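Input: a single structure, listed below in structure tokens.
Quick note: the coordinates plus some simple rules give every number you see, no bench work behind them. Not measured: the values here are computed from a predicted model. Cβ placement follows ideal geometry from the backbone for every residue including glycine, while neighbour counts extend to all protein chains displayed.
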Amino acid sequence: MTFVVTENCIKCKYTDCVEVCPVDCFYEGPNFLVIHPDECIDCALCEPECPAEAIYSEDELPDDQKSFLELNAELAEVWPNITEKKDPPEDAEEWDGKSGKLEYLER
Ligand code: SF4
Ligand code: F3S
């Protein structure tokens, strides 16, 4: 079991999540974070920390977010680890809750 970062993180990237992860299993891309599924210990601490409510347990993923399970696994293998919170993008609030953000994912 793992937790998964989903679409609403894209272009919001608040990074509050990384501060609480006891095993430092978040990985950072240009405008999105992912969780390494083999490293996540399923502690659930990160889920309530995300202001964008973008983190779900694998077994509670909404149907339209299920592809993010694979995407987290894939990108966690290539992106660098992140362990400290940083400032979000200046326009993060404007993007919070917008649909169709997957097309803006930068790799
Ligand atoms: Fe880290 Fe726990 Fe969140 Fe998994 S559930 S990413 S171990 S904080
Ligand atoms: Fe993304 Fe939420 Fe973390 S927006 S960076 S999953 S706090």
What do you get for GluC sites (Glu not before Pro) in region 22-107 restricted to DSSP loop and a cutoff of at most 15 other Cβ within 10 Å of the site's Cβ? Glu39, Glu53, Glu77, Glu84, Glu90, Glu106
Please find the FRET efficiency linking Asp16 to Asp63, where r is the Cβ-Cβ separation and R0 is fixed at 25 Å, and quote it to the nearest 0.05. 0.45
Quickly work out the Ala73-to-Glu90 label distance, labels modelled 7 Å from Cα along the C-beta direction, and quote it in nm with one decimal. 3.9 nm
Loop trypsin sites (Lys or Arg not before Pro), region 1-82, which have at most 15 other Cβ atoms in a 10 Å radius of their Cβ (DSSP): Lys66
Modelling each spin label as a point 7 Å along the Cα-to-Cβ direction, I'd like the Val23/Asn81 distance in nm, to one decimal. 1.3 nm
Taking just the C-alpha trace of region 3-81, give me its Rg and Dmax in Å. 10.8, 29
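Please tell me the relative contact order of region 1-91 in percent, rounded to the nearest whole number, where contacts are Cα pairs under 8 Å and at least six residues apart.
It comes to 46 percent, rounded to a whole number.
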Restricting to lysine pairs 8 or more places apart or on different chains, what number in the chain have Cα atoms under 12 Å apart? 4
